[in-house]
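Data first, discussion second: the structure below is written as structure tokens.
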Amino acid sequence: MGGSDDQSFTVRRARDDDRPWIVEHASAVGGEMVVSKGRVHHLARQPAFVAERAGERLGFFSYRLDGDECEVTGAFSLREGEGVGSALLDAVADRARKAGCSRLWLVTSNDNLDAMGWYQRRGLRLAAIRPGAIDELRATLKPGIPAVGKHGIPVRDEIELVLDLREPTPKLEDR
């Protein structure tokens, strides 16, 4: 995976020794405890995939399997434009398909425009907007959620994106 030999990386299932690193970098995705659709997830306890190059961790995607659905609960990459995120998303989607899932989904906040574009380029579709959901989380479970986020946008709403796993995933060059 990746480009030239010096840029190649591997994707593998997370191990116990990856958990502290995941927790350390979870602040980039809202903290070790994330909430989606009112459900609390602790990223240190979730199954995950990790990308690494020469022993250096480059990113992780955590997920939760539930019946015929797979939820991406956390996504983080230290490198942009090298295919790390795409490879991690593909690994989760492949795992979900093997588990019999027909749907992969995730939730992000309304200010996360860059991520929404990135996911849509990889075949996910906007599926739901939950107005005020993050305002409720801030008032109940996670008071530390900032009121204003990326691009100066007030953080208020959950945005759900979905990938139909029964459809072929677009090839990287098509993304």
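The values are calculated or read from the model by the stated rules, or taken from the named source; none is laboratory data. Just so it is clear, the model here is predicted, and its values are computed rather than measured. FYI the Cβ positions are ideal-geometry reconstructions off the backbone, even for glycines, and counts take in every protein chain you see. Remember, those area values only see protein heavy atoms, side chains included, never the ligands or the DNA or RNA. Shrake-Rupley method; radii C 1.70, N 1.55, O 1.52, S 1.80 Å.
Here the sum of -39500 (n - 2.57) over DSSP H runs of 4 or more residues, divided by the residues of the chain, equals -6500 deg cm²/dmol at 222 nm, to the nearest 500. Model label points for Lys98 and Arg166, set 7 angstrom from Cα along the Cα-to-Cβ axis, are 2.3 nm apart. In sequence order, segment 33-50 has phi-based couplings of 9, 10, 10, 9, 6, x, 9, 8, 10, 9, 4, 5, 9, 8, x, 7, 10, 10 Hz under the Karplus curve 6.51 cos²θ - 1.76 cosθ + 1.60, θ = phi - 60°, and Gly or Pro positions carry x.
Probe radius 1.4 Å, ligands and nucleic acids ignored: give me the carbon and sulfur share of the accessible area of segment 50-152 as a rounded percent. Present the calculation step by step, with values, prior to reporting the outcome.
Values: 2440 of 4840 Å².
C and S atoms contribute 50 percent here.
Take the Cα of Thr140, step 7 Å toward its Cβ, do the same at Glu56, and the gap between the two points is 4.2 nm. For Arg79 and Ile129, the FRET efficiency from 1/(1 + (r/R0)^6), where r spans their Cβ atoms and R0 equals 30 Å, is about 0.50.
Given Cα pairs under 8 Å that are at least 6 residues apart, what percent is the relative contact order of the chain?
Numbers: 311 pairs, mean separation 33.4, N = 175.
Relative contact order comes out at 19 percent.
Taking the chain, how many lysine pairs are there with alpha carbons less than 27 Å apart, if each pair must be eight or more places apart or span two chains? Let's see the in-between values first.
Details: Lys37/Lys98; Lys37/Lys142; Lys37/Lys150; Lys98/Lys171; Lys142/Lys150.
Close lysine pairs under the 27 Å cut-off: 5.
Computed from the C-beta positions of Ser8 and Gln120 and an R0 of 41 Å, the FRET efficiency is 0.95 to the nearest 0.05.
Computed from label points 7 Å out along Cα-Cβ, the spacing between Val23 and Arg64 is 1.9 nm. For P(r) over Cα pairs in 10 Å bins from 0, in percent, the value computed from the atomic coordinates appears in the list (1) 9, 37, 30, 16, 6, 1; (2) 9, 29, 30, 19, 11, 3, 0; (3) 10, 38, 38, 13, 1 under label (3).
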